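Notes follow once the structure below has been shown.
The values are calculated or read from the model by the stated rules, or taken from the named source; none is laboratory data. Predicted model only: the values in this text are computed from it and were never measured. Cβ coordinates were reconstructed from backbone atoms using ideal geometry, including for glycine residues, and neighbour counts include every protein chain displayed. In case anyone asks, the SASA skips ligands and DNA or RNA and just uses the protein heavy atoms, side chains included. Shrake-Rupley method; radii C 1.70, N 1.55, O 1.52, S 1.80 Å.
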Amino acid sequence: MSHIRSHIMVCTGTGCTSSDSPKLITAFEEELKLEGMDQEVRVVKTGCFGLCAMGPIVMVFPEGACYTRVTVDDVHEIVAEHIVKGRIVTRLLHMEGEAGQSVTSLSDTQFYKHQLRIALRNCGVINPESIDEYIGMDGYTALERILTEKTPPQEIIDALKKSGLRGRGGAGFPTGNKWQFTYDAASPDGTKYVCCNADEGDPGAFMDRSVLEGDPFSVIEAMTIAGYTVGSSQGYIYIRAEYPIAVKRLELAIAQAEEYGLLGDDILGSGFSFKLELRLGAGAFVCGEETALITSIEGHRGEPRPRPPFPAVKGLFGKPTLLNNVETYANITWILNNGWEKFAAIGTEKSKGTKVFALGGKITNTGLVEVPMGTTLRTIIEDIGGGIPNGKKFKAAQTGGPSGGCIPAQYLDIPVDYDNLIEIGSMMGSGGLIVMDEDTCMVDIAKFFLEFTVDESCGKCTPCRIGTKSLYELLDKITKGKATMDDLDKLETLCYHIKENALCGLGQTAPNPVLSTLKYFRDEYIAHIQEKRCPAGVCKSLLTIQILPEKCKGCTLCARNCPTGAITGKVKEAHVIDPEKCVKCGVCIEKCRFGAIVKK
């Protein structure tokens with residue numbers, strides 16, 4: 001076999017795949033063959049690099065050059081210049097900062113400087129469809145050592161307890177304690193189960209999906225270790241069907257692990273057997289709740305069950321069940337290979353290790369980041385995220401999705417960990433982080449998340465089924481300028497009633513976006529109610545669009561683009577808008593080149 005002197009790494013995560021990155025792989029292979037270099041240069045499909053806003057991303061090693069927004073038309077130049085002549089193609093390098101300075105290596109970018117990748121350690125580094133590459137990165141080292149040395153299960157559990165790892169699915173329950181409860185639970189016939197929650201349902205969240213697309217073996221190995229530890233021989237990964245790439249790679253990974261004797265009967269001749277199956281969910285948000293997920297795996301409609309008993313005691317098919325989410329499992333082998341002391345040294349006193357966040361919304365660097373617990377919100381948004389685009393001001397950040405709350409600008413310097421976020425009325429959640437700028441209406445944001453919750457409620461309990469709908473109706477009333485101050489009192493009272501009486505986490509946390517926006521942005525609610533005005537100019541029922549006659553040049557561009565014909569006027573004369581015909585779409589504002597059209 002010829003010596004491989006260069007590797008061309010092409011991201012094939014969902015984001016880059018949607019921008020046709022698989023076509024880049026084909027183009028690179030064809031171009032290399034034409035140059036007679038297909039035996040010297042290897043093209044590798046990888047998982048997510050994290051900088052999703054700049055995809056498709058291609059990295060060329062050994063130089064580590066990071067090319068962004070690469071198209072098929074760029075492939076010839078990269079091969080001809082970089083691969084053949086050794087000259088980096090500067091125009092395709094990642095650019096950052098207001099001056100647009102090019103950065104050769106992704107590791108040198110502001111986006112990466114503050115990150116520490118543990119759960120994402122192999123994403124963008126290996127081919128996720130190759131077990132050999134995973135093994136080459138110390139994969140299956142932990143499992144092999146445990147099985148060959150017959151490590152006592154309690155020793156593994158103690159290591160996880162000492163590491164301080166908490167569940168990354170949202171609640172933050174200590175992982176070692178959960179493993180302990182399942183290990184200690186009695187099962188008359190000895191049957192126990194190990195499950196993985198990959199039913200990532202928060203709007204804007206794609207942390208678990210990216211781990212499974214970029215490093216599926218890390219989750220499979222961790223689940224196998226979990227099976228050995230708690231005494232289970234059967235595992236299930238519950239993943240939503242909307243993740244086709246992740247599903248495909250999990251299927252390939254399971255098949256390869258079985259072929260290598262690392263999954264199935266008598267693993268590595270140890271006498272320990274563990275089998276793993278996928279269960280596809282239909283996209284119900286409530287199935288992210290552990291008892292609803294278990295009910296769905298059993299083949300029933302995904303609805304939560306009262307707790308206790310907890311799944312560790314009575315879970316899947318009535319047997320003791322260990323259930324962790326994808327990111328939690330992705331940390332396990334790193335801890336076992338590197339020592340609990342190293343993990344415990346990262347983060348804050350009560351929140352150890354790192355956390356993966358999906359950065360979205362009004363942020364320059366949309367993408368996936370992993371930072372040590374305790375990193376400030378300002379560092380995540382301004383340094384890693386590149387700040388708010390278009391010179392706008394930061395207004396709030398939503399963490400925890402529909403179950404979380406909005407963090408205002410006054411808390412930009414708060415260290416992000418489980419306890420700090422709860423203290424200010426939000427929560428870590430699974431890791432979605434939506435950034436909002438000054439043009440965001442906080443009442444409308446609360447309404448958006450309530451609409452999502454109403455649609456996703458399973459309807460089993462009255463507080464959630466009826467209560468969240470009533471909350472949404474009150475918010476809708478406020479955004480239309482039809483509410484009174486009494487309605488505001490009703491809104492707040494109803495929030496607390498739902499939190500205290502709903503059956504599961506979906507209902508109990510549904511009021512959080514409302515309560516946090518009421519706490520920090522009450523003035524916006526009052527403006528909607530008393531002044532019939534939306535300060536951000538978002539709520540259409542309270543909005544008027546006007547043409548300023550002193551600024552209008554009569555260019556007719558607004559009239560020609562108005563979809564309803566609401567704008568009239570002669571050339572070179574000030575135009576007017578008919579409020580009866582105007583649907584407040586804002587197209588005229590976008591098209592006007594003179595700043596003559598404004599929202600009021």
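Taking the stretch 299-322 as the region of interest, how many residues are open to solvent by 40 Å² or more (accessible area, probe 1.4 Å) and touching a residue at least 12 places away in the same chain (Cβ under 8 Å)?
Looking only at that region, the number is 9.
Taking T440 and the conditions (1) under 20 Å from the mean Cα position of the chain (by Cα); (2) outside any helix (DSSP H, G or I); (3) of a type in the set (S, T, Y), which numbered condition does it fall short on, given that it satisfies the others?
T440 satisfies every listed condition except (1).
Name every residue in the stretch 49-79 that is of a type in the set (F, W, Y) and over 19 Å from the mean Cα position of the chain (by Cα), in order of residue number.
As a first pass, look at the stretch 49-79 and keep what is of a type in the set (F, W, Y): 49, 61, 67.
Scanning the stretch 49-79 gives F61, Y67.
Would you confirm whether any residue within the stretch 29-38 is within 33 Å of the chain's Cα centre (by Cα) and not aliphatic (A, V, I, L, M)? Break it down stepwise before answering.
Going through the stretch 29-38, the residues within 33 Å of the chain's Cα centre (by Cα) turn out to be 29.
Cutting the leftovers down to not aliphatic (A, V, I, L, M) gives us 29.
Yes, some residue in the stretch 29-38 is within 33 Å of the chain's Cα centre (by Cα) and not aliphatic (A, V, I, L, M).
Could you check the stretch 13-55 and list, in sequence order, the residues that are in contact with an Asp or Glu (Cβ under 9 Å, 6 or more places away or on another chain) and open to solvent by less than 10 Å² (accessible area, probe 1.4 Å)?
G13, L24, L32, V41, V44, G47, G50, listed by residue number.
Can you pull out the helices (runs of 4 or more DSSP H) entirely within the stretch 509-600 that have at least 1 residues that are in contact with a Cys (Cβ under 6 Å, 6 or more places away or on another chain) and of a type in the set (D, E, K, R)?
Of the helices (runs of 4 or more DSSP H) lying wholly inside the stretch 509-600, those with at least 1 residues that are in contact with a Cys (Cβ under 6 Å, 6 or more places away or on another chain) and of a type in the set (D, E, K, R) span 587-591.
Of all residues in the stretch 534-554 being among the basic types (K, R) and at pLDDT 90 or above, which is surrounded by the fewest Cβ atoms within 10 Å (Cβ to Cβ)?
If we take residues in the stretch 534-554 being among the basic types (K, R) and at pLDDT 90 or above, then K551 is surrounded by the fewest Cβ atoms within 10 Å (Cβ to Cβ).
Given (1) out of contact with any strand residue (DSSP E or B) (no Cβ under 8 Å at 6 or more places or on another chain); (2) surrounded by fewer than 24 Cβ atoms within 10 Å (Cβ to Cβ); (3) of a type in the set (G, A, S), identify the lone condition not met by G164.
For G164, the failing item is (1).
Checking the condition in contact with a Leu (Cβ under 7 Å, 6 or more places away or on another chain) and aromatic (F, W, Y), which residue from Y520, Y525 passes?
Y525
Tell me, which residue of the stretch 283-298 that is open to solvent by less than 30 Å² (accessible area, probe 1.4 Å) and among the aliphatic types (A, V, I, L, M) is nearest to the chain's Cα centre (by Cα)?
V286
If Q101 passes every condition in (1) farther than 30 Å from F61 by Cβ; (2) modelled with pLDDT under 90; (3) open to solvent by 60 Å² or more (accessible area, probe 1.4 Å) but one, which one does it miss?
(1)
Taking the stretch 551-575 as the region of interest, how many residues are within 26 Å of P535 (Cβ to Cβ) and in contact (Cβ under 8 Å) with a residue 24 or more places away in the chain?
The qualifying residues number 4.
I'm trying to understand the selection: among the residues of the stretch 361-412, which are of a type in the set (A, V, I, L, M) and within 30 Å of A502 (Cβ to Cβ)?
The answer is M373, L377, A396, A397, I407.
Suppose we keep only residues that are among the aliphatic types (A, V, I, L, M) and within 11 Å of N325 (Cβ to Cβ) within the stretch 168-199. Which one would you say is surrounded by the most Cβ atoms within 10 Å (Cβ to Cβ)? Can you show your working first?
Initial filter on the stretch 168-199 (among the aliphatic types (A, V, I, L, M)): 171, 185-186, 194, 198.
Checking which are within 11 Å of N325 (Cβ to Cβ) leaves us with 171, 198.
Values: A171: 16, A198: 28.
Only one residue tops the list, namely A198.
Give the residue, chosen from G425, G429, G459, that is of a type in the set (G, A, S), farther than 29 Å from M373 by Cα and part of a loop (DSSP other than H, G, I, E, B).
G459
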